[in-house]
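Derivation of every value follows stated rules applied to the coordinates shown; laboratory data play no part. The structure displayed is predicted, hence computed values, not measured ones. Virtual Cβ from ideal backbone geometry, glycine too; neighbours counted across all protein chains shown.
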Amino acid sequence: MAFAWKAAGLTYNRYLAVSARVVRRSLKEDQRVKAERRGEMELKFARWENGKQGEHKNLAAANAQAMAEHAEKQ
Amino acid sequence: MLSRAARPALRAGSAATIRPATATIPTLQSANYATLREIEGRLKSIKNIQKITKTMKIVASTKLTKAQRAMTESRSYGQTSQTVFNEAETKALEGENKKILLVICSSDKGLCGGVHSGLSRAARRMLNEEGAGNYEIVVIGDKSKAQMSRSNPKDVVLSFNAIGKDVPSFSDAQAIADQICLLPNEYSQVKIMYNQFDNAQSYHPVVIEAYDEEAITQSPNFTAFEIDDEVLANMREYSLANSLYWALAEGHAVEISARRNAMDNATKNAGDMIDKFTILYNRTRQAVITGELVEIITGATASEDM
């Protein structure tokens, strides 16, 4: 059982998030607005090395990038 | 909490104002007027603070119902995914050279009593008891980040912020879980620490555990579930996201209810202070008037004799 999304470097959570977004976007207008608010994510994160905090980065962008790199390795 | 708001003012004027008004009648007229005005100013500022805390309390109260609903809903996410591991009797593998990852779920905002420091304290205690070398730390939220970066900066690997503006969503939890999965090191176990909601007044830090693939495959009743090796990694990631969502939502509800209580207390204390200062203000005003009268009368009697 090979998963197409796995080959594309996505994690299961990312795969779920994408499919959830698709479902939300295909809802009717009034419910779509309400549902899309549940999918919003504006977290920021920073990596730490040797007790020093790194730069603050947008989590969504960083995740997408990490997965693209992951895909290239495979 | 009582005096925090008014502390600078108290420190500046305590020697000059509070005691003289109750014990001795002030001697200098000019000083008298000054203290009267000082008291008036302080009274005004306390009233303003009371207004702010009252508003914050109302805001927290309205948010609380929403947060509690999210918490009960998220519980079913977390508990359902935890059922698998309970039934399979999964236990963390010991003795390997893998570290344990500790995820601390706090938030960015303060003014909610001891929620964040309680969490950091519990984390620190755990690190001290079990040896900090075995742990790496992921911090969610600025408040605990500041506290953990003081005590264990070397062990922190990731920190998240901009959380706690609203009720945490599942996509928040998913994104965090993703980023944790992408960490370079392998961990024997992931411990998620959050504040458990006991009731509106009390909470305590607890830990839920998530396991790595090896631990799951080696658990005694694992075969009963007939999970393929290929989807095992998915299940692990997904259950991590579920547990995180549970922890985030419950931590959020605790924070809001703690903020409501803290603001309630602050409003009450401000009310007490306002009462006290109003009495002090009136007394001082009377003392000033009495002093003036005495002076006028003495002056009049003195000039009558002439």
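Each residue in B:S303, B:S202 was given a count of other beta-carbon atoms within 10 angstrom of its own, and listing them fewest first yields B:S303, B:S202.
Dipole magnitude for chain B: about 2060 debye, using +1 per Lys or Arg Cβ and -1 per Asp or Glu Cβ, origin at the Cα centre. So what is the relative contact order of chain B, in percent, for Cα pairs below 8 Å that sit 6 or more residues apart? Answer for chain B is 31 percent. For the stretch B:71-116 and the stretch B:270-306, compute the distance between their C-alpha centroids and round to whole Å. A separation of 64 Å, based on Cα centres. Per-residue ellipticity at 222 nm, computed for chain B from helices alone with -39500 (n - 2.57) per DSSP H run of at least four residues, works out to -22000 deg cm²/dmol.
Computed over the alpha carbons of the protein assembly as shown, Rg followed by Dmax gives 29.3, 118 Å.
Within chain B, the longest run free of GluC sites (Glu not before Pro) that sit in a DSSP loop with at most 10 other Cβ atoms within 10 Å is B:95-225.
Of the residues B:A224, B:P184, B:M71, the one whose Cα sits farthest towards the positive end of the charge dipole of the stretch B:64-260 is B:M71 (charges of +1 on Lys and Arg Cβ, -1 on Asp and Glu Cβ, taken about the Cα centre). Here the residues B:F197, B:F277, ranked from fewest to most Cβ neighbours within 10 Å of their Cβ, fall in the order B:F277, B:F197. For chain A, the convex hull spanned by the alpha carbon atoms encloses 119 Å³ per residue. The ellipsoid equivalent to the alpha-carbon distribution of the stretch B:64-260 has semi-axes of 27, 20, 14 angstrom, derived from the gyration tensor eigenvalues as √(5λ) and listed largest first.
At a Cα cut-off below 18 Å, give the aspartates and glutamates reachable from B:K165, other chains included and same-chain residues fewer than 8 away excluded. Counting by Cα, and skipping residues close in sequence, B:K165 has these aspartates and glutamates nearby: A:E36, A:E40, A:E42, B:D108, B:D142, B:E250, B:E255.
Full extension of the chain between B:K268 and B:T290 yields a length gain of 4.6 nm, computed as 0.36 nm times the residue separation minus the alpha carbon distance. Counting every other Cβ atom within 10 Å of each residue's Cβ, A:W48, B:W246, A:W5 order from fewest to most as A:W5, A:W48, B:W246. With R₀ set to 56 Å, the beta-carbon distance separating A:A68 from B:D198 gives a calculated FRET efficiency near 0.80. Between B:T72 and B:E40, the FRET efficiency from the beta-carbon distance, with R0 = 51 Å, is close to 0.55.
When +1 charges are put on Lys and Arg Cβ atoms and -1 charges on Asp and Glu Cβ atoms, the dipole computed for the stretch B:174-306 relative to its Cα centre reaches about 820 debye. Estimated from the Cβ-Cβ distance and a Förster radius of 25 angstrom, the FRET efficiency linking B:E230 and A:V18 is about 0.80.
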